Amino acid sequence: DLVTLADIADRIGQSRESVRRYVTGARGPGGFPPPVNPARDGTLFYRWSEVAPWVREHLGAKVDDVDPAVVVANLVLQARRLWERVEHVSVFRELLTS
């Protein structure tokens with residue numbers, strides 16, 4: 001689900017610079033989905049599950065959605081890596097099973 005500006009550009013058939021201008025609001029209607037790591041210097045990552053609907057609505061491009069199962073699987077894998085470091089993990093376990 002995570003994509004860079006270059007990935008987005010490839011998927012919509014535009015240049016990376018063109019996509020960067022959508023992100024900054026210098027081009028298009030504004031409101032581009034924010035990066036998932038906004039405070040980081042260097043490469044920014046976006047969620048394709050958020051970008052694809054924006055691209056369809058504002059650019060009229062025909063792009064595929066991410067299967068929600070893929071998004072959930074990625075989140076579960078991320079959670080598993082950190083699970084042992086989380087305080088009060090039982091609260092999260094209840095959230096997942098309720």
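With all protein chains in place and a 1.4 Å probe, the accessible surface of the chain carries 53 percent carbon and sulfur. Taking label points 7 Å from Cα along the Cα-to-Cβ direction, Arg21 and Asp67 give a separation of 3.6 nm.
Of the peptides 54-66, 14-26, 34-46, 78-90, the ranking by mean beta-carbon count within 10 Å, highest at the top, reads 14-26, 54-66, 34-46, 78-90. Summing charges over all other residues whose Cβ lies under 14 Å from the Cβ of Arg93, with Lys and Arg as +1 and Asp and Glu as -1, gives -2.
The values are calculated or read from the model by the stated rules, or taken from the named source; none is laboratory data. None of the values given here were measured: they were computed from a predicted structure. Note: ideal-geometry Cβ built from the backbone for every residue, glycine included; neighbour counts use all protein chains shown. Protein only, heavy atoms only, side chains kept; ligands, DNA and RNA dropped before computing areas. Shrake-Rupley method; radii C 1.70, N 1.55, O 1.52, S 1.80 Å.
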